[in-house]
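See structure below.
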Amino acid sequence: MTVDRVGAMTVFVKTVESGSLSAAARALGTSLTSVSRQLSALEQSLGALLLVRTTRHLSVTDSGKFYYQHAKRILAEIVETDAALSAREDVPSGELRVSAPTLLGRLKLAPLLPLFLSKYPRLSLDLMLTDRIVHLAEEGVDLALRLGRLDDSSLVARKLGRIRLVVCAAPAYLAGRGEPRNPRDLKNHDCLVFADGRSAPEWHCQTPSGRRAARVVPRIHANDLDSLVTAARAGLGLVRAPG
C-alpha cells in the first residue's frame, strides 16, 4: 500500500497531541474514517503498532512515543524549509542577464545599476549591450530593452516609455553643409545610418503637417549606434539618435 508519509505523520502527530481520533479529525478538517485509515496504513508500512485504540481510550505505545518525537521534528523541519524557500523566492537572487541597445544601455541603463544592485544584493548582472536583435530564449537572456515597434511574439512585453529620436550633427558639419530645414533636405546630406536591414534607408520625421518618411543616402552604414554618434561628433554627417 502506498502511504503519503508526510500526510500520515501529520495525522499521527495530531492524534497523539489531541488525545483521540475524533479530535484529530476535527483539528485537521477531515473525517474520522480518513484519520483511522491513514493511521492503519502508517502502522502497516512501518510494521509497528503506534497506538492502542479502544472505543473509550487511546494510548501511545513505546514505538509510537519514539516515532512521535522524530515525526514531530521532521514535520517542523519541513515547515521551516518551506518558509525558508518562500523567503528566498521573495528576495531576487542569482544572475540576471540583460540586453539593451548600446547607446540606450550606456546613457539610460548603466547609471541605474548602482542603485539597483544595492537594493538587490543577492543579484549579479550580466549586461549585454548590442544593437542587434537578441533572441532571448536561444541566448539565455532574461530581459531585453528594445526600441521601436515589436514584431508579433509570445514574449511578455511592457512599454516603459517614449524616446525621441533626433537628427543631429556636429557644428562643424552644419557650418560647412548647412542645416536641413525639412525632411526633403536630408537627401542632400551625408547621413550616418543605423543598419536595420532595409535596402533603402528611411528616417521618419515629425513635421507640423504630420509624420513624414524621408529617403536618406548613407555615408556610413553601421550596426552600432555608438559608432555612428562618434562619427557624427567628428563632423562626418547627420545621425539620428536618442535625444
Is there a residue being under 22 Å from Leu228 (Cα atoms), at pLDDT below 85 and outside any helix (DSSP H, G or I) anywhere in the range 133-144?
yes
Failed condition for Leu104, given (1) touching a residue at least 60 places away in the same chain (Cβ under 8 Å); (2) surrounded by 13 or more Cβ atoms within 10 Å (Cβ to Cβ); (3) over 19 Å from Gly243 (Cβ atoms), with all others met?
(3)
Return the total of residues in the range 8-21 being more than 14 Å from Lys72 (Cβ to Cβ) and exposed (fewer than 14 other Cβ atoms within 10 Å of the Cβ).
1
If I filter the range 80-88 for residues that are of a type in the set (Gly, Ala, Ser), surrounded by 10 or more Cβ atoms within 10 Å (Cβ to Cβ) and touching a Lys or Arg at 6+ places or on another chain (Cβ under 9 Å), do I get at least one hit?
no
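For every residue, the table says whether it meets (1) on the phi > 0 side of the Ramachandran plot; (2) aromatic (Phe, Trp, Tyr); (3) more than 22 Å from the chain's Cα centre (by Cα).
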site: Arg106; (1), (2), (3): no, no, no
site: Leu115; (1), (2), (3): no, no, no
site: Lys119; (1), (2), (3): no, no, no
site: Asp126; (1), (2), (3): no, no, no
site: Val167; (1), (2), (3): no, no, yes
site: Ala175; (1), (2), (3): no, no, yes
site: Gly178; (1), (2), (3): yes, no, yes
site: His189; (1), (2), (3): no, no, yes
Would you mind telling me which numbered condition in (1) in contact with a Leu (Cβ under 9 Å, 6 or more places away or on another chain); (2) within 22 Å of Arg233 (Cβ to Cβ) Asn188 fails?
(1)
Failed item in (1) modelled with pLDDT of 80 or more; (2) over 25 Å from Lys108 (Cα atoms), with Val166 passing the rest:
(2)
Looking only at the range 206-243, which residues are more than 35 Å from the chain's Cα centre (by Cα), modelled with pLDDT under 90, buried (at least 18 other Cβ atoms within 10 Å of the Cβ) and in a strand (DSSP E or B)?
Ala214
So which pairs qualify, if the first residue must be in the range 60-79 and touching a residue at least 12 places away in the same chain (Cβ under 8 Å) and basic (Lys, Arg), the second must be assigned to a helix (DSSP H, G or I) and buried (at least 16 other Cβ atoms within 10 Å of the Cβ), the Cβ gap must be under 6 Å, and the two must be at least 6 apart or on different chains?
Lys72/Val13
Do you know which residues across the range 116-132 are assigned to a helix (DSSP H, G or I) and of a type outside the set (Lys, Arg)?
Phe116, Leu117, Ser118
The lone condition Leu147 fails out of (1) farther than 19 Å from Asn223 by Cβ; (2) aliphatic (A, V, I, L, M); (3) outside any strand (DSSP E or B) is (1)
Would you call Leu113 over 22 Å from Ala23 (Cβ atoms) and either in contact with a Pro (Cβ under 9 Å, 6 or more places away or on another chain) or in a strand (DSSP E or B) (or both)?
no
Across the range 44-59, the tally of residues that are free of Cβ contacts under 8 Å to residues at least 24 places away in the same chain and within 18 Å of Leu75 (Cβ to Cβ) stands at 1
Pairs, please: C-beta under 7 Å, at least 6 apart or cross-chain, first residue assigned by TED's automatic domain parsing to the domain that holds Pro183 and in the range 217-243, second polar (S, T, N, Q)?
Asp224/Thr102; Leu225/Thr102; Asp226/Thr102
Examine the range 181-197 for a residue that is buried (at least 17 other Cβ atoms within 10 Å of the Cβ) and in a helix (DSSP H, G or I), and state whether such a residue exists.
yes
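The values are calculated or read from the model by the stated rules, or taken from the named source; none is laboratory data. Because the structure is predicted, anything quoted here is derived from the model rather than measured. Methodologically, a virtual Cβ is constructed for each residue, glycine included, from the backbone with ideal geometry; neighbour enumeration extends over all protein chains shown.
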